[in-house]
Amino acid sequence: MERDEIVRYWLESSEDDYQVMQSLFDNGIMLGLVLSHLVIEKLLKAYYVKCVDINYPRIHNLVEIAVKANLELSEAQEGTLVDLTTFNLRPGIPTTRTASKRRPPDRSRRRRLPRQRNSGNGSWKR
């Protein structure tokens, strides 16, 4: 696939998920939080493919994707991405709470990963 086709795929897929997410929220179904993570992940991957490389990162941590895409995040933006990442589902791994019952994490207890400059290429890493 060409770069533009991959970007278009991520954007169209994100739009579809956004519509479903909105419908879930409109009906009071908190499972929409899972789709909110997916929407943002797909948008970040579209940006990564468009601006960095056609080989997008095969990860689901939103902050890591943003950092790999060379996006400068404010503390508030990073906090939002950290919160949204908690709603990423890992299929096949049993949990004690279902995604629909999860609540956004308390910001005061969130553990931040320190940023370190990667001496090899000048990029930021976690």
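The set of residues in the range 17-37 being over 19 Å from T85 (Cβ atoms), small (G, A, S) and in a helix (DSSP H, G or I) consists of S23 alone. Taking every residue in the range 1-12 that is over 12 Å from L44 (Cα atoms) and pairing it with any residue that is loosely packed, with under 15 Cβ neighbours inside 10 Å, at least 6 positions away or on another chain, the pairs with Cβ-Cβ distances below 7 Å are R3/I54; I6/I54. A single entry from V67, V34, V49 fulfils the requirement of being under 29 Å from D4 (Cβ atoms) and modelled with pLDDT under 95: V34.
Taking first residues from the range 79-98 that are assigned to a loop (DSSP other than H, G, I, E, B) and partners that are surrounded by 17 or more Cβ atoms within 10 Å (Cβ to Cβ) and modelled with pLDDT of 90 or more, the Cβ contacts under 7 Å between residues at least 6 apart in sequence or on separate chains come to F87/L33; F87/V34; F87/S36; F87/H37; N88/H37; L89/V34. Applying a threshold of 9 Å to beta carbon distances and a minimum spacing of six or more residues, or different chains, the list of pairs starting in the range 46-66 at a residue that is more than 24 Å from D83 (Cα to Cα) and part of a loop (DSSP other than H, G, I, E, B) and ending at one that is at pLDDT 95 or above and hydrophobic (A, V, I, L, M, F, W, C) reads V52/A69; I54/I6; N55/V49. The residues in the range 74-107 that are more than 13 Å from the chain's Cα centre (by Cα) and modelled with pLDDT of 70 or more can be counted, and the count is 4.
The values are calculated or read from the model by the stated rules, or taken from the named source; none is laboratory data. All of these numbers come straight from a predicted model, not from anything done at the bench. Cβ atoms come from the backbone with ideal geometry, glycine included; neighbour counts cover every protein chain shown.
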